[in-house]
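This is the structure, below, for whatever I ask next.
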Amino acid sequence: MASMETIKTRDPGPCLVLEDLSIDFGGLRAVNSVNLKIEPGERRVLMGPNGAGKTTLFNLVSGVYQASRGRILFLGKDITKLPIHRRAELGIARTYQITNLFPKLTVAENILMACQALERTKFVMFRYLSSYRRLRDRCSDLLKEFALWDKRDELVKNLSHGYQRQIEVAMALAEKPRLLLLDEPAAGLSSAETHTLTLLLKKLDPSITILLIEHDMDVAFEFAERITVLYQGKLLTEGTKEEIKNNPTVQEIYLGGE
């Protein structure tokens, strides 16, 4: 029998493993035999041109789509057949290319609802959500962490796109995920807004594993520890920032190299 010391120090293994993952839409194979391993706490960027299969891969991992072939392992558990809500309960959260907020609610109400999303209290219909102190405290912490405290009572629809992106990331973190999937969080932001968001992302809890889709090369290279490049649904290459920057194929296809 293993000693308690051995059990405590045992390597927990990868956070996310994709094995021969594929999905077909009719005659189109949008993701083609992708193998990927991401370690706990890693900051990984997923790059590729439009149509490379990046968002489709996110949809497979989060459960929006079911794989045609292959397996998805999350913290050692096979989640390939699990529905979206079960994957969320296990600790997978994500954002989308298009902001997915409640525009007619305030910033605080949006985040408070996200804090309740995985709680049993969501089934209680006779008590105000704001009456749960633990949820209120969690909401307040997120508002302060994302510099949204002064905006807490404003309607989301009246805020800039940059603030809405920050709110969406805060809502994803409200569920205390182990794995956070960010789909182009800087899309449509100004340079100043992109810089602010990048700083916020870099300050996130280092125990959270983050997989980020990003077209902005400055954001990608500043944030990433490793980069994976998809092309036509296949894994083209992966490596450190320096390796990807110096890869001639990547330079030609993605970075405008000659």
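What is the number of the single condition among (1) at pLDDT 90 or above; (2) of a type outside the set (Asp, Glu); (3) within 21 Å of Pro14 (Cβ to Cβ) that Ala170 does not meet?
(3)
Still on this model: If you go through segment 8-27 one residue at a time, do you hit one that is closer than 24 Å to Gln251 by Cα and modelled with pLDDT of 95 or more?
no
Continuing with this model, one more query. Which condition number in (1) more than 20 Å from Leu159 (Cα to Cα); (2) free of Cβ contacts under 8 Å to residues at least 40 places away in the same chain; (3) touching a Ser or Thr at 6+ places or on another chain (Cβ under 8 Å) is the one that Glu193 fails?
Unmet condition: (1).
Report whether or not Lys144 is loosely packed, with under 14 Cβ neighbours inside 10 Å, part of a helix (DSSP H, G or I) and touching a residue at least 40 places away in the same chain (Cβ under 8 Å).
no
Okay, moving on. Does Gly51 satisfy being at pLDDT below 95, within 30 Å of Gly27 (Cβ to Cβ), out of contact with any helix residue (DSSP H, G or I) (no Cβ under 8 Å at 6 or more places or on another chain) and surrounded by fewer than 19 Cβ atoms within 10 Å (Cβ to Cβ)?
yes
All but one of (1) crowded, with 17+ Cβ neighbours inside 10 Å; (2) over 20 Å from the mean Cα position of the chain (by Cα); (3) not aromatic (Phe, Trp, Tyr) hold for Thr249, so report the exception by its number.
Of the numbered conditions (1) crowded, with 17+ Cβ neighbours inside 10 Å; (2) over 20 Å from the mean Cα position of the chain (by Cα); (3) not aromatic (Phe, Trp, Tyr), the odd one out for Thr249 is (1).
Here's a follow-up. Kindly indicate whether Val45 is of a type in the set (A, V, I, L, M, F, W, C) and closer than 23 Å to Leu204 by Cβ.
Yes.
One residue is enough: does segment 249-256 have a residue meeting the conditions of a type in the set (S, T, N, Q) and at pLDDT 90 or above?
no
If you go through segment 36-43 one residue at a time, do you hit one that is touching a Gly at 6+ places or on another chain (Cβ under 8 Å), of a type in the set (A, V, I, L, M) and farther than 26 Å from Gln164 by Cβ?
No: segment 36-43 contains no residue that is touching a Gly at 6+ places or on another chain (Cβ under 8 Å), of a type in the set (A, V, I, L, M) and farther than 26 Å from Gln164 by Cβ.
Can you tell me which residue is surrounded by the fewest Cβ atoms within 10 Å (Cβ to Cβ) among those in segment 93-119 that are of a type in the set (S, T, N, Q) and assigned to a helix (DSSP H, G or I)?
Among those residues, the one meeting the criterion is Gln116.
Go through segment 144-175 residue by residue and tally those that are within 23 Å of Leu60 (Cβ to Cβ) and among the charged types (D, E, K, R).
Here the count works out to 2.
Any residue in segment 70-90 that is free of Cβ contacts under 8 Å to residues at least 12 places away in the same chain and surrounded by 15 or more Cβ atoms within 10 Å (Cβ to Cβ) sitting within a Cβ distance under 7 Å of a residue that is in a helix (DSSP H, G or I) and not hydrophobic (A, V, I, L, M, F, W, C)? List the pairs, counting only those 6 or more apart or interchain.
Nothing qualifies.
Which residue is surrounded by the fewest Cβ atoms within 10 Å (Cβ to Cβ), if the candidates are limited to segment 150-200 and must be touching a Leu at 6+ places or on another chain (Cβ under 7 Å), closer than 27 Å to Asn50 by Cα and among the charged types (D, E, K, R)?
Glu168
Which strands (runs of 3 or more DSSP E) does segment 205-258 wholly contain that include 3 or more residues that are without any contact (Cβ under 8 Å) to a residue 24 or more places away in the chain?
Counting at least 3 such residues, we get 234-240.
The values are calculated or read from the model by the stated rules, or taken from the named source; none is laboratory data. Quick caveat: nothing in here was measured; it's all calculated off a predicted structure. Neighbour counts are summed over all protein chains in view; Cβ atoms, including those assigned to glycine, are modelled from backbone coordinates with ideal geometry.
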